[in-house]
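Enquirer: Handing you a structure now.
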Amino acid sequence: MSKYPADLRYSKDHEWARIDGKRAVIGITDFAVHQLGDITMVEPPKEGESHNRGTPIGSVESVKAVSDIYAPLSGRVVKTNDPLRDQPELLNEDCYDEGWIAEYELSNLDEAKELMTSEEYAQYVKDQG
Amino acid sequence: MTQTNNGPVETRHLLHHEPPIFEQGATGRSGASLPTLDVPDVSAEALLGDLHRDVAPALPEVSEVDVTRHFTRLSRWNYAIDIGMYPLGSCTMKYNPKVNERVARLPGFAGLHPAQAEETLQGALELMYRLERALCEISGFARVTLQPAAGAHGELCGLMMIRAYHQSQGRSPRKVLIPDSAHGTNPASVTLNQMECVPLKTSADGLLSAETVRAAVAQHPGDIAGLMVTNPSTLGIFEEHIAEIAEIIHQAGGLVYMDGANFNALLGKVRPGATGVDVMHINLHKTFTTPHGGGGPGSGPVGVVEKLIPFLPTPTVELQDGVYHLNYNRPSSVGRLRSFFGNFGMHVRAYTYIREMGGVGLTQATEMAVLNAVYLRALLHEEFPPVSEKPSMHEYVTSDKKLKKETSVQTLDIAKRLIDYGYHPPTVYFPLVVPGALMIEPTETESKETLDQFASALLAIAKEAHSEPDRVKHAPHQTALRRLDETKAARQPRLRWMPPA
Amino acid sequence: MRYIPHTDADVAQMLRVIGAPSVESLFAHIPSQLRLDRPLDIEALDEMTLMAHLGQLGAKSSPSTGATVREGAALSFLGAGLIPHHVPVAVDMLLQRAEWYTSYTPYQPEVAQGTLQAVFEYQTLVAELFGPPAIKGQPAPYVSNASMYDGASATAEAVLMARRITGRGVAICCGAIHPQYMGTLRCYLDGVDAVGQASIKTVGFGPDGRVDLQALGGLLAELGNQVACVLVQSPNYLGVLQDVAAIQALAHKAGALTVVACPEPLAFGLVKSPGSQGADIVAGEGIGLASGPSLGGPGVGLFAARSEHLRQMPGRLVGETVDQSGRRGYVLTLSTREQHIRREKATSNICTNQGLIALAFAIHVCLLGKSGFRRLAEINLAKSEYLKQRLSSLRGFKLAVSGPTFNEFAIQVRGRASDAAAKLRERGIFAGVPLDQPSYELPMLPDAEKTLLVATSERHQKADLDRLVSALDEVCP
């Protein structure tokens, strides 16, 4: 598996989004997971909540750090990944599939264009680094 | 002259793996010594009715011998200042004088009940009064409250007084400027006062610059409650621009709070009250040798300038016509931050220390604390370069930057490997602005030989990092337990002993 | 100076290595206008003179050790948040091991397993005393932290925690709560509330000294979903045991949490724990069992809560884990709640706590053990009932409130309580706390000037109790 799968879009806050029509599944990137190390707790957003792009929606913790999760796109939470509450290690094992965080119904489809492609994000991370 | 070993020392000893006390003992065993009841026994069930607890709490069933061995064996799994050097930066782990312990246990101190009438507490009130005067002399403040139980409690108290002061002026400014190198307690204390932190960036030389402060003040016109500054900073360097910075804050209507965690660098040299600082807490458990007790109790007296006196917590100790009394009639006071008068047992110890040292001794303590840190820096600077070129005060802050570039060894590994050499590691990964920080504070109570040995241990580790990196990365090897799985502890918290299923 | 090992030769050599001309030069970078230009004015004393000086200071106060057997100490019935118990000699002997008192916070677990395991055991004991019983094979119902400063600040932190959990602001403080606990709570809430916002509401108590449930119900109905918690003290300031379950039922109906303050944890050897009566958070004080009174500090703030609220707990937590070779061990855990990681968003600003006194508390509770803890509670209850019965049968004396008590009670005397206390002091007896004394006044108490708060414990022999009774009878008009 690639570190940054090509079918996803990426935010500067290190979230990814798998966009499918008006819906998007989101999570945090392999880079973000590695920065934190072993994830010990995930606090996902609540179903039914609406968020604007860029607002904090939850948090991820490791033993010695806490990091906020930001909404990569605006919309309403329709589903969250409940198993993450008891198995935060899913994020370390597979942050793009089993470790997804929430599913959104998007309110502004134009925003997706402003996210980065896999190559752009890879370059962005490299530049940060 | 005796021949001194300046190299690493060897460590080895017998330790018992000790199960939790709940897995020891036998049904019906007890370590209690209770008096025979000489009044009529009563039926608790009849007296308490529904509130009666049917089953006694599930406490251990062990003898005094069991308890003594258990806690003695456990104690042997601890490092301690009486065992060796404890160079935790910003923690000031200096020797805890034995005489302090004896004095604090005198019945005239340890046996006093806080609700006793003032006339029966004259000695204790006098001690508190004298300690306050001594701390004023050392810190340059007009008055000091002894009530806060620890440094963070002192911060809370200081910020409450700042807030109360502004309110008395009919203002409610909300912004508190805090350098990014500050202790985490600073921003947390700000939140507890419904104020907001404005982080300030430390300059490249490690200092807080007047320009940075001026710019931050300009961004929040009329809303500056104050500044919290640690001096010397957590990089172990003196904030040279403090007077100018204080002036800027005062002009903006704010007050200056100083975190006194590093006061050990200033005794007899600088009185913070004379540098523009308005409020400051003092950690008796750092600078004034009260023991840290494996996590507390501490004591965090707070000094204030004249104009903040009305806001000090209640009660204050006053001397009138040769009699000490407690003043509760203080209408502008922030109130009280805890029950009774603070950690009085710590006041006794700190006062005893201050009187033994005297002004000259305290000044000498600071001089030797700084000499020790600067000496370590000189011995180590090639392998462990300081993070700031500015002169170090009581502590020397370095990082794993050089070693990490040359080898795969990081700060955590260095810390753990130091344990094998018989030392407690320095403070690591703090301040947060220094990646992989190692903060080394030897304190004045360590001798030159100890410093030489410690430095040689660190240099030996730097060598090992090149030659045997795995040995360093899997350290400690000499301890009874190896590195512990903190991830497991956090993912499946087990915070109390449970009877096995 | 005996704590500073440097010889002149050491200093000279060290300066040579540094390349500095003098010790003074190490301070040369400090702007001269900030430097102190005179020596500090404090005289130094050698150990003998020092001990004589401190001995003289100590001798200017009268210790109140509780029992008559100690020469030079007053016979004391003072309690009011600190009821001194006999602390076995073994406790202080163990505490004086340097590995306990001269170690730091256990940040490096490989060299601090002693402190970590002891705190883990302390957490277990506190959860056991304050929570519902732990059941084999089920998750822990209650968790304790590694300690807070004292009972008063722990109570304030408990209220702040309830506010975080519920997202609501108001704390209803019920009945007779220690005035200093209330003062501390006000001080803490003043900090986090907007100016003038009254987030503290109070409810009185009935003639039995217990919470006025009707008034509480009314206030809860009126304030609806603004109430974060109902705070109650048990045994309360007048010594009365509360029906926490009844209070909790009302609070729960309103979606509010129940916070219980317990300055006398020994009561729970005989009394149902607050946790098993439904309390969400319990804050207590362990000084009476842990150490000597020491003018009220250092003590230890006990703090426990239902496990589901773990993430909102203030303070340090020790958890069990394993090392690389699979051996059981302990670490500080869930630190992401704390100030050194979460900074301004931390659950509390607490860092240093009362570790050594928490250890003393744990050692004493282990020494007492299952049977001893309960028996000690029974002895306290019996002594108190005897004294209560004898005092209340004196002419003109009457119990201030009628509810069930544990080892402390409030009694109205003939005349002013403070006069009686003053007269008894001349006889070497600290009769109790007059409830019109500053910082011991209970706002809602009728006839406060006549009321004396009297505490007893296993330290009093029958003769001590009888002495108090006859002395009070003699001095009261």
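Enquirer: Please report, in whole Å, how far the alpha carbons of the range B:295-400 spread along each principal axis, starting with the longest.
Expert: That works out to 59, 30, 29 Å along the principal axes.
Enquirer: Counting only pairs 8 or more residues apart or on different chains, how many lysine pairs in chain A have their Cα atoms under 15 Å apart?
Expert: On the way: A:Lys3/A:Lys126; A:Lys12/A:Lys113; A:Lys12/A:Lys126; A:Lys22/A:Lys79; A:Lys22/A:Lys113; A:Lys46/A:Lys79.
Eligible lysine pairs with Cα atoms under 15 Å apart amount to 6.
Enquirer: Return the single residue from A:Glu105, A:Glu89, A:Glu119 with maximal mean-square fluctuation; model: Gaussian network over chain A, springs between Cα atoms under 10 Å.
Expert: Largest GNM mean-square fluctuation: A:Glu119.
Enquirer: Moving on. Take the solvent-accessible surface of the protein heavy atoms, probe 1.4 Å, and return the percent of it on chain C that carbon and sulfur atoms account for. Display every interim value, and only then the final one.
Expert: Working: 7730 of 15040 Å².
Using a 1.4 Å probe with all protein chains present, chain C comes out at 51 percent carbon and sulfur.
Enquirer: Provide Rg over Rh for chain A; use the alpha carbon set for both Rg and the Kirkwood Rh (inverse mean inverse pair distance).
Expert: Using only Cα positions, Rg/Rh for chain A is 0.93.
Enquirer: Does the range C:143-245 classify as rounded, prolate or oblate by the C-alpha gyration tensor (a ≥ b ≥ c root eigenvalues; a/c under 1.5 gives rounded; else a/b over b/c gives prolate, otherwise oblate)? Please list the in-between numbers first.
Expert: Numbers: a/c = 1.59, a/b = 1.12, b/c = 1.42.
Since a/c reaches 1.5 but b/c is at least a/b, the shape of the range C:143-245 is classed as oblate.
Enquirer: Divide the volume of the convex hull of the Cα atoms of the range C:174-224 by its number of residues and quote the answer in cubic angstrom per residue. Working shown, then result.
Expert: Details: hull volume 3.9 nm³, N = 51.
Spelled out: Cα convex hull of the range C:174-224, divided by residues, is 76 Å³.
Enquirer: Could I ask something else about it? What FRET efficiency comes out for the pair A:Asp97/C:Gln461, r = Cβ-Cβ distance, R0 = 51 Å, nearest 0.05?
Expert: On the way: r = 73 Å, r/R0 = 1.44.
Result of the calculation: an efficiency of 0.10.
Enquirer: Rounded to the nearest 500 deg cm²/dmol, what is the calculated helix-only ellipticity per residue at 222 nm for the protein assembly as shown, with -39500 (n - 2.57) per DSSP H run of length n ≥ 4? Can you show the working numbers first?
Expert: Details: 33 runs with 376 residues, N = 1107.
The helix-only estimate for the protein assembly as shown comes to -10500 deg cm²/dmol at 222 nm.
Enquirer: Further question: Need one value: the accessible area of B:Arg102 in square angstrom, 1.4 angstrom probe, rounded to the nearest 10.
Expert: For B:Arg102, the solvent-accessible surface is approximately 150 Å².
Enquirer: For chain B, which whole percent of the accessible surface, found with a 1.4 angstrom probe, sits on carbon and sulfur atoms?
Expert: Values: 8230 of 16480 Å².
About 50 percent, which is the carbon plus sulfur part of the accessible surface.
Enquirer: Counting only the heavy atoms of the protein chains, how much of A:Lys64 is accessible to a 1.4 Å probe, in Å² to the nearest 10?
Expert: That residue has around 130 Å² of solvent-accessible surface.
Enquirer: Once ligands and nucleic acids are excluded and a 1.4 Å probe is used, how much of B:Glu449 is accessible, expressed in Å² to the nearest 10?
Expert: For B:Glu449, solvent-accessible area is about 70 Å².
Enquirer: Now for a separate question. How much area per residue is accessible in the range B:288-431 when the probe is 1.4 Å and only protein heavy atoms are counted (Å²)?
Expert: Numbers: 3970 Å² over 144 residues.
Here the residues of the range B:288-431 average 28 Å² of exposed surface.
Enquirer: Is the shape of the range C:79-211 best called rounded, prolate or oblate, per the rule: a/c under 1.5 gives rounded, else a/b larger than b/c gives prolate, else oblate, with a ≥ b ≥ c the square roots of the Cα gyration tensor eigenvalues? Walk me through the numbers on the way to the answer.
Expert: Details: a/c = 1.80, a/b = 1.69, b/c = 1.07.
It comes out prolate by the Cα gyration axes.
Enquirer: Counting only protein heavy atoms, probe 1.4 Å: which residues of the range C:172-219 lose 20 Å² or more of accessible surface in the full assembly compared with their chain by itself?
Expert: By number: C:Gln180, C:Thr184, C:Cys187, C:Tyr188, C:Asp190, C:Gly191, C:Val192, C:Val195.
Enquirer: For the residue pair B:Glu406 and B:Glu389, what label-to-label distance in nm results when each label sits 7 Å from Cα along the Cα-to-beta-carbon direction?
Expert: Each label point is offset 7 Å from its Cα along the Cβ direction, giving 2.2 nm.
Enquirer: Right, another one. Ignoring ligands, DNA and RNA, what accessible area per residue does the range C:12-94 give at 1.4 Å, in Å²? Walk me through the intermediate numbers first.
Expert: On the way: 4080 Å² over 83 residues.
Ligands and nucleic acids excluded, the figure is 49 Å² per residue.
Enquirer: Give, in whole angstrom and from largest to smallest, the semi-axes √(5λ) of the equivalent ellipsoid of chain C, with λ running over the eigenvalues of the Cα gyration tensor. All intermediate terms of the calculation are to be shown ahead of the outcome.
Expert: Values: eigenvalues 326, 201, 111 Å².
Ellipsoid semi-axes (Å, largest first): 40, 32, 24.
Enquirer: Taking a probe of 1.4 Å, how large is the accessible area per residue of the range B:55-197, in Å²?
Expert: 25
Enquirer: Quick one: how many lysine pairs does chain C have with C-alpha atoms less than 22 Å apart and a gap of 8 or more or different chains? Give me the count, please.
Expert: Pairs that pass both the separation and distance tests number 19.
Enquirer: Points 7 angstrom from Cα along the Cβ direction at C:Ser325 and B:Val323: gap in nanometres?
Expert: 6.8
Enquirer: For the pair C:Asn225 and B:Asp54, how long in nm is the line joining their label points, each one 7 Å along Cα→Cβ?
Expert: If labels sit at C:Asn225 and B:Asp54, their model points lie 3.8 nm apart.
Enquirer: Determine the total buried accessible area between chain B and chain C, counting protein heavy atoms only with a 1.4 Å probe; round to the nearest 100 Å².
Expert: Working: alone 25240 and 24000 Å², together 32040 Å².
Roughly 17200 Å².
Enquirer: Once you wrap a convex hull around the alpha carbon atoms of the protein assembly as shown, what is its projected area averaged over all directions, in nm²?
Expert: On the way: hull surface 172.4 nm².
Value for the protein assembly as shown: 43.1 nm².
Enquirer: Still on this model: Rounded if a/c is under 1.5, else prolate if a/b is larger than b/c, else oblate: which is the range B:364-501, with a ≥ b ≥ c the root eigenvalues of its Cα gyration tensor?
Expert: Here the range B:364-501 falls in the prolate category.
The values are calculated or read from the model by the stated rules, or taken from the named source; none is laboratory data. Note that the coordinates shown come from a computational prediction; the quantities given were computed from them, not determined experimentally. Every residue, glycine among them, receives a Cβ derived from its backbone with ideal geometry; neighbour counts consider all protein chains shown. We work out accessible area using only protein heavy atoms, side chains counted, and drop any ligands, DNA or RNA first. Shrake-Rupley method; radii C 1.70, N 1.55, O 1.52, S 1.80 Å.
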